[in-house]
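The values are calculated or read from the model by the stated rules, or taken from the named source; none is laboratory data. Here the structure is a predicted model, which means the values were calculated and not measured. Cβ: placed from backbone, ideal geometry, glycine included. Neighbour counts: every protein chain shown. Keep in mind that these areas ignore ligands, DNA and RNA; they rest on the heavy atoms of the full protein, side chains included. Shrake-Rupley method; radii C 1.70, N 1.55, O 1.52, S 1.80 Å.
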Amino acid sequence: MSVVTSADERVDAATGAGGSVGASKWPRYLQAEYGFSNHWHPVLFSHEVAEDDFATVTLLGRRILLTRSDGQVRAIADRCAHRGVKFSAQPLCFAKGTVSCWYHGWTYRLEDGELCDVLTSPNSPIIGQVSVPVYPVTERQGLVFVFVGDAEPHDLSHDVPPGFLDSDTHCLGIRRTVASNWRLGVENGFDTTHIFMHRNSPLVQQNNLALPFGFVPADRGAMSVHSEGWPKGVVDNLAQNYQPVFEARLGGEPVLRCELTGDEKLVAAQVSVWLPGVLKVDPFPDPSLIQYEFYVPITATSHEYFQVLQRRVRSADDIASYKSEFESKWRDLALHGFNDDDVWAREAQEEFYRDHDGWANEHLFPPDMCITKWRQLASNHASGIAAP
Amino acid sequence: MSVVTSADERVDAATGAGGSVGASKWPRYLQAEYGFSNHWHPVLFSHEVAEDDFATVTLLGRRILLTRSDGQVRAIADRCAHRGVKFSAQPLCFAKGTVSCWYHGWTYRLEDGELCDVLTSPNSPIIGQVSVPVYPVTERQGLVFVFVGDAEPHDLSHDVPPGFLDSDTHCLGIRRTVASNWRLGVENGFDTTHIFMHRNSPLVQQNNLALPFGFVPADRGAMSVHSEGWPKGVVDNLAQNYQPVFEARLGGEPVLRCELTGDEKLVAAQVSVWLPGVLKVDPFPDPSLIQYEFYVPITATSHEYFQVLQRRVRSADDIASYKSEFESKWRDLALHGFNDDDVWAREAQEEFYRDHDGWANEHLFPPDMCITKWRQLASNHASGIAAP
Amino acid sequence: MSVVTSADERVDAATGAGGSVGASKWPRYLQAEYGFSNHWHPVLFSHEVAEDDFATVTLLGRRILLTRSDGQVRAIADRCAHRGVKFSAQPLCFAKGTVSCWYHGWTYRLEDGELCDVLTSPNSPIIGQVSVPVYPVTERQGLVFVFVGDAEPHDLSHDVPPGFLDSDTHCLGIRRTVASNWRLGVENGFDTTHIFMHRNSPLVQQNNLALPFGFVPADRGAMSVHSEGWPKGVVDNLAQNYQPVFEARLGGEPVLRCELTGDEKLVAAQVSVWLPGVLKVDPFPDPSLIQYEFYVPITATSHEYFQVLQRRVRSADDIASYKSEFESKWRDLALHGFNDDDVWAREAQEEFYRDHDGWANEHLFPPDMCITKWRQLASNHASGIAAP
């Protein structure tokens, strides 16, 4: 762990962290339009793919067919080697552990992707001569993770925030497709001052949160960069690193004020972001919950946004009670009511970063030091860059 | 006619007929994204353009205005030479044998495309100085054919399958636009093993057809390539060249079986494909009918699909009775019910061939030898390649 | 003012004014896909932006936020310097003369575009270090004009037709977006023979106008090119320069005839076009009115079409009566009923000029001499070419 004094960063950012300077500081991050390969990414919730069901996802630009066979989820490229059609257009399974193409009956083993039979031409010499890519799959905390890349898959714990796999916890969440590059997702989530846009969110009032308009970096503060071992991430201790702003001024005159009673709940004491692109907000949206957000690259202009709330549980009753609370309160008030603003903000940035070379033309300022730390870590340590 | 032993082809295809190998084997076919020029192509049914009516089509990427004047269908490029607008936006005819542009009244002779008058500026010096392209037109068997190219048009019989123009026959059909390159149309139609996807078609049951799941190339079989004289085509005698597959297996276990009673009608004894891209299935969908399919290039990503059923007739009564049967039975059960699957399959291939260089990345197998024979014939003998 | 004999032009146009010849004759006009910079362009009607209201427009490819503050309309680039989002997605004003970004509270002075405060981070060192472009604004005749460019703005009178700013007049009008390049707007309006397409317009009958089918250039005629001083434009005296065509013939036979009683109102005695792209038709659509049309570049493929009718007035009663007449008659019958044809014609040309290099492939004829004069004037004298 290296400790970086925020005072250093302030100067750096104020003199223009973006542009050609930025390009030279985080080159691999700029290349990672389609995300980081050789990492685990969630693609579905476990309950979305039942035994013998099929589902399709696009991950790092690759279209993948998923199916569960004898309990194990399998992932195979969604394209027949013969004439290139999608299996998913009419997925067929005539025997466990296989998928057959609807067009000419070419049949592949899900385990290794090899062409093992052709229904329309028995004993064809092509059998065993071609295959389609398959992808490692694992399931934890109700999520299906897929590994895309050319390396041997490492343990899932490398690619999720600390605490996410804790066994005495239960995770519930939602997912949706957002029309922006995945990096705008990570950066919006980790950005300390974007909370300005949440100031009127019903969550703040209804859950009695103390949410400032923004933050001034404090000299006493420090940001932890975890670049040794796995997972690798950047941890921002909001409560320590910044001075919260509860009164906003223009030309010295107050124009916005947040009236505090002093009994507000304290949340988001620590916000961190981890490779390959996962946010942890601890606690949030309530002192009893931790929020994780996965910004999973689909294409260059879209990502799948997984929002997961984790609670410590000790019994089946705890889980049942948490599920009920999640459905009645957190799904609508927090994951939608609050985070819908974030979805909107990410999509609002997409045009600039895509069409106007935002990576070179943005102007960052001192509170964005958390973002520049993340970009540097990701550029230096991501296991691979996904090809388009 | 050259005769090719299927055994040779099997090895060839199994070792990978596609990719750079394929590119060098049928180079002009790969260039023919917009189809083959200097050939006749059907564009409409005759009844679709009545005297003085206008119609527009796009053929080999060219937008063409059609009109019937004194019984003769005329075809002229649908673009005024002056400011480039489409005549068809508001087609005007103030005198037989002419078309006037709605914008400034420039008026062209349909026979030769020459600017013969300007309604807004009589005796203008521009008259006789500019012209727009016109295209030869002929009508046979209820279809309007247009010739695009720079050569003198040859006889229509060069560009339709043998038997199509037989005088004691009557043709009825439909047409529709399909969102795939025209070559995927030809290849899907001529492909022997794609019939796997038709296995549940209502036509098979209701017309009591013997339709196998696929075919194994048989050593005794032979495919005829007609490359001398016109028309030029490839003839595949299904009944002779292949072993039909009525039981499909995976890992040795039967997974699909077609129960035959032995009294099924035999159809598709011979399937052939002809330049510039016409299929003949003899007989189909009934022993009393022959099906012709024209896959007419519109743009690089769409083609007009003409489906025509031909029956031998001896009298006006025969024709009336055939029309009635066509309307009540064959249109819905065969041309839609059965061939809708083919339309779907062609569109399902388009993405791969367009966006992922399918021509280089496909993997063909021995039953696809009919396709490779067609590609070679077309590449060697097509009269011209349409420019985009 | 230079006087050009139309006889010279006739030969020139008949031998092909377009193509590479044209390209060398008006090179800067061909470059001006996004319009002419360093000129005033109307963007809104004054009543469309009230005090503290926000509006957005796109002018010469630049998205601009407009707001009225203490009576003065201000124009600022609609993009925050920080992360590139549009202010207009959720425009915020917490103090007169400023705009705040909804995302992180960056706040800019509307007068000079400078970052003057950051609501989320008081006293940030970035304050005063960045700015966004602002644009000069002026209002006259009920229109808001904006100046885009790098030059000092000149007087508005340079960029509107003579008479437009006359103080004893009142202007009323409408605007709409047209899906064509702005140059097709100017040229369609100034084109003498396009009136062929208006021959069946209800305005002609209902307002008893003498509208010929077209014009033959007359040797006695002359066209005035105003290239000294400002405004600069081309004036075509229709009544003097051309022989009107009231009977159209094909092959010598009359096919269209306009029956005149002799008591028709005479309109459009003089049509002129002025930099940066404004038409004046005097009088039109009635002897009591002058029509101005501004074809304001939005993108390369769209323009904002301002149609303004001007009447001499002497009192508030005159204005009230004109407003009532405008609403009940001229808006629907003339600005829509008649000019909708023009909108349609411009959009009908867009494909040819955009996708088929119409500027090189068009064929002009003698009556188009007004267009070639305009192109030359614009190419030689426009103050600047807008970059994409």
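Before moving on, here are some points about what is shown:
- The condition (being in contact with a Ser or Thr (Cβ under 9 Å, 6 or more places away or on another chain), more than 21 Å from C:T193 (Cβ to Cβ) and of a type in the set (S, T, N, Q)) is satisfied by just one residue among C:S379, C:S324, C:S302, C:S328: C:S302.
- Index of the failed condition, B:E259 passing every other in (1) free of Cβ contacts under 8 Å to residues at least 60 places away in the same chain; (2) among the acidic types (D, E); (3) under 30 Å from B:S383 (Cα atoms): (3)
- Condition met for C:E362 (more than 28 Å from C:N241 (Cβ to Cβ) and assigned by the TED database to the domain that holds C:S201): no
Residue by residue, here is whether (1) modelled with pLDDT of 95 or more; (2) surrounded by fewer than 16 Cβ atoms within 10 Å (Cβ to Cβ); (3) under 30 Å from B:L156 (Cβ atoms); (4) touching a His at 6+ places or on another chain (Cβ under 6 Å) holds:
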{"residue": "B:P212", "(1), (2), (3), (4)": "no, no, no, no"}
{"residue": "B:V216", "(1), (2), (3), (4)": "no, no, no, no"}
{"residue": "B:D219", "(1), (2), (3), (4)": "no, yes, no, no"}
{"residue": "B:V225", "(1), (2), (3), (4)": "yes, no, yes, no"}
{"residue": "B:E228", "(1), (2), (3), (4)": "yes, yes, yes, no"}
{"residue": "B:K232", "(1), (2), (3), (4)": "yes, no, yes, yes"}
{"residue": "B:V235", "(1), (2), (3), (4)": "yes, no, yes, no"}
{"residue": "B:A239", "(1), (2), (3), (4)": "no, yes, yes, no"}
{"residue": "B:P244", "(1), (2), (3), (4)": "no, no, no, no"}
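- For segment A:279-337, the set of residues classified as touching a residue at least 40 places away in the same chain (Cβ under 8 Å) and among the hydroxyl-bearing types (S, T, Y) consists of A:Y292, A:Y295, A:T299, A:T301, A:S302, A:Y305, A:Y322, listed by residue number.
- Across segment B:123-151, the number of residues qualifying as assigned to a loop (DSSP other than H, G, I, E, B), open to solvent by less than 50 Å² (accessible area, probe 1.4 Å) and closer than 20 Å to C:H363 by Cβ comes to 6.
- Of all residue pairs spaced 6 or more apart or on separate chains, those with beta-carbon atoms under 9 Å, a first member in segment C:43-55 that is farther than 20 Å from C:K96 by Cα and a second member that is part of a loop (DSSP other than H, G, I, E, B) and of a type outside the set (S, T, N, Q) are C:F45/C:G142.
- Within segment C:193-209, the residues that satisfy the criterion of being assigned to a helix (DSSP H, G or I) and either over 15 Å from C:K265 (Cα atoms) or not aliphatic (A, V, I, L, M) (or both) are C:T193, C:H194, C:I195, C:F196, C:M197, C:H198, C:P202, C:Q205, C:Q206.
- In segment B:75-113, residue farthest from the chain's Cα centre (by Cα) [restricted to those that are within 22 Å of C:S201 (Cα to Cα) and among the small types (G, A, S)]: B:G105
- Count of segment A:163-192 residues which are aromatic (F, W, Y) and either in a loop (DSSP other than H, G, I, E, B) or outside the structural domain of A:Y295 (by the TED database) (or both): 1
- Identity of the residue in segment A:250-291, more than 14 Å from chain C (Cβ to nearest Cβ) and small (G, A, S), that ends up farthest from A:E325 (Cα to Cα): A:G277
- Output for segment C:362-379, where each listed residue is more than 7 Å from chain B (Cβ to nearest Cβ) and either outside any helix (DSSP H, G or I) or touching a helix residue (DSSP H, G or I) at 6+ places or on another chain (Cβ under 7 Å) (or both): C:L364, C:D368, C:M369, C:C370, C:I371, C:T372, C:W374, C:R375, C:Q376, C:A378, C:S379
- Summed over segment B:102-112, the residues that are in a loop (DSSP other than H, G, I, E, B) and facing another protein chain (nearest Cβ under 9 Å) give a count of 4.
- Leading residue by the ranking (nearest to the other protein chains (Cβ to nearest Cβ)) among those in segment B:179-209 that are among the aliphatic types (A, V, I, L, M) and in contact with a Phe, Trp or Tyr (Cβ under 7 Å, 6 or more places away or on another chain): B:M197
- Of all residues in segment C:64-91, those satisfying the criterion of being within 23 Å of A:E347 (Cβ to Cβ) and either of a type in the set (S, T, N, Q) or at the interface with another protein chain (Cβ under 10 Å from one of its Cβ atoms) (or both) are C:R79, C:C80, C:A81, C:H82, C:R83, C:G84, C:V85, C:K86, C:S88, C:A89, C:Q90.
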